[in-house]
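To keep things clear, I will list the structure first and then write my remarks on it.
The values are calculated or read from the model by the stated rules, or taken from the named source; none is laboratory data. Predicted model, so just to flag it, every value in this text is computed and none were measured. Glycine gets a Cβ as well: all are built from the backbone with ideal geometry, and neighbour counts include every protein chain shown.
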Amino acid sequence: MPTILVTNDDGIFSEGIKLLAKELSSLGRVVVVAPDREQSASGHSLTLHRPLRMRKIEDDWYTVDGTPTDCVSLAVMALLKDDPPDLIVSGINFGLNLGDDVTYSGTVSAAFEGSLLGIPSVAFSQEIGEHFSFARGADFARRLATTLLAASLPAGLLLNVNFPCEEFTGVEWTRLGHRRYVQSVVEKTDPRGRKYFWIAGTPEWEDEAGTDHAALSQRKVTLTPLHLDLTDYDVLEGCCDVRRQIEEAALTWVE
Ligand code: MN
């Protein structure tokens with residue numbers, strides 16, 4: 001019987017994680033280890049400066065007073081060290097995690113951590129809007145997990161999955177889309193006369209074919225395979241002038 005680790009960044013009391021865990025429970029042992037409060041936009045943050053506490057709230061349900069990455073680390077390297085998970089799933093997040101936003105996302109970062117630990121990992125996120133429901137996504141997640149558990153997978157496979165709000169019209173393999181710059185920091189004055197800032201704004205996306213955003217706007221479920229190698233191979237392999245300029249200049253920096 002496979003073991004499936006479930007986590008998220010919305011916290012253990014979110015509807016998305018409850019439905020996801022419930023759907024997956026027909027496939028094997030489901031162990032939930034999730035933050036004890038909302039950790040959205042925590043990115044790939046790891047807690048190193050204080051001890052972490054794991055609290056059991058019922059059989060195979062645990063909270064951690066840390067980030068989604070902490071949850072995956074504690075689950076794989078402590079709680080489940082004798083029975084490592086066959087699959088890690090994160091979500092279902094309340095809100096999309098598309099394109100350039102994936103590095104802010106705690107949901108996706110939990111899956112990044114799973115992938116780094118060599119375990120196939122999937123992040124699930126649900127669009128918010130009219131006809132909102134986690135049910136369609138949870139059903140899709142169970143079918144996808146069934147397929148993944150039966151397949152032979154590349155080591156550290158990482159999938160970022162987004163669900164549209166309306167009835168799904170299809171499924172598409174996509175690449176990450178890019179956000180356009182939009183004014184997104186509000187600057188105001190507090191009652192004591194001091195300036196404060198609030199990061200806000202709704203992202204606008206380039207609507208290029210083949211991207212997650214473009215497919216989602218056609219109400220398709222998007223499957224984006226990711227990896228954590230952030231190397232820019234174009235620059236590394238010498239495509240641009242600045243590389244040569246730095247090389248020439250750097251000769252004198254290390255004399
Ligand atoms: Mn979230």
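With at pLDDT below 95, surrounded by 11 or more Cβ atoms within 10 Å (Cβ to Cβ) and farther than 23 Å from Asn8 by Cβ as the only criterion, which of Glu187, Glu204, Glu172, Glu130 stands out?
Only one candidate qualifies: Glu204.
Going through region 22-56 one residue at a time, which ones are under 16 Å from Gly114 (Cβ atoms), of a type in the set (A, V, I, L, M) and either more than 16 Å from the ligand (Cβ to nearest atom) or in contact (Cβ under 8 Å) with a residue 40 or more places away in the chain (or both)?
Leu24, Val30, Val31, Val33, Leu46
What do you reckon, is Ile119 outside any helix (DSSP H, G or I), of a type in the set (Val, Ile, Thr) and away from the ligand (no atom under 14 Å from the Cβ)?
yes
Would you pick out the residues in region 156-169 that are surrounded by fewer than 16 Cβ atoms within 10 Å (Cβ to Cβ) and either touching a helix residue (DSSP H, G or I) at 6+ places or on another chain (Cβ under 7 Å) or in contact (Cβ under 8 Å) with a residue 60 or more places away in the chain (or both)?
Correct list: Phe168 only.
Going residue by residue through region 108-124, is there one that turns out to be surrounded by fewer than 17 Cβ atoms within 10 Å (Cβ to Cβ) and among the aromatic types (Phe, Trp, Tyr)?
For region 108-124, residues surrounded by fewer than 17 Cβ atoms within 10 Å (Cβ to Cβ) and among the aromatic types (Phe, Trp, Tyr): absent.
Which residue, of Ser40, Ser26, Ser73, Ser90, is of a type in the set (Gly, Ala, Ser) and surrounded by fewer than 16 Cβ atoms within 10 Å (Cβ to Cβ)?
Ser26
If you scan region 79-106, which residues turn out to be closer than 12 Å to Asn160 by Cα, within 12 Å of the ligand (Cβ to nearest atom) and outside any helix (DSSP H, G or I)?
Ser90, Gly91, Ile92, Asn93, Leu96, Asn97, Ser105 - these are the residues of region 79-106 that are closer than 12 Å to Asn160 by Cα, within 12 Å of the ligand (Cβ to nearest atom) and outside any helix (DSSP H, G or I).
Picking from Asp10, Asp70, which residue would you name as being under 25 Å from Asn162 (Cα atoms) and part of a loop (DSSP other than H, G, I, E, B)?
It is Asp10.
All but one of (1) within 16 Å of the ligand (Cβ to nearest atom); (2) touching an Asp or Glu at 6+ places or on another chain (Cβ under 9 Å); (3) acidic (Asp, Glu) hold for Asp65, so report the exception by its number.
With (1) within 16 Å of the ligand (Cβ to nearest atom); (2) touching an Asp or Glu at 6+ places or on another chain (Cβ under 9 Å); (3) acidic (Asp, Glu) applied to Asp65, the lone miss is (1).
Scan region 1-21 for residues that are within 14 Å of the ligand (Cβ to nearest atom), free of Cβ contacts under 8 Å to residues at least 60 places away in the same chain and among the aliphatic types (A, V, I, L, M) and jot them down.
Ile12, the sole residue that qualifies.
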